[in-house]
Amino acid sequence: MKKAFMGISIRNPFYSNKENILKAVSLAKDFDEFLIFVVDYPYRLSLQAFDNLSESEAEKVALKEGAELTKFLIRITKPFNNVKISS
């Protein structure tokens with residue numbers, strides 16, 4: 001079984017473009033499973049470091065934005081049986 005993996009950075013404009021995600025999914029068509037992983041919790045560290053948020057504030061923002069991105073990804077990849085979304 002061949003598997004592919006792609007990590008998605010929150011707030012990266014490339015990943016908010018539906019066409020870019022669909023192109024990545026189409027490139028993985030020869031794989032049995034394609035996992036898209038939303039990097040929400042590690043993103044918390046970036047918010048703390050670059051936006052001066054407290055740990056709890058950064059965690060809240062990262063998880064909220066991660067959940068929104070996950071919903072978007074699930075919606076646009078619904079037609080593909082081999083795509084799984086995780087965070």
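Nothing in this text is a laboratory measurement; each read-out follows from the coordinates by a stated rule. Computed from a prediction, not measured in an experiment: that's the story for all the values here.
Below, the figures for the structure above:
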| item | result |
| --- | --- |
| Contact order normalised by residue count of the chain, Cα under 8 Å, 6+ apart, percent | 36 |
| Phi-based couplings in Hz for the stretch 78-87 (Karplus 6.51, -1.76, 1.60; Gly and Pro marked x) | 3, x, 9, 6, 8, 9, 10, 10, 9, 8 |
| 19 Å Cα-Cα threshold exceeded, pairs from Lys18/Lys78; Lys3/Lys71; Lys23/Lys64; Lys60/Lys84; Lys18/Lys84; Lys29/Lys84 | Lys3/Lys71; Lys23/Lys64; Lys60/Lys84 |
| Kirkwood Rh, angstrom, the chain [1 / mean 1/r, Cα pairs] | 13.5 |
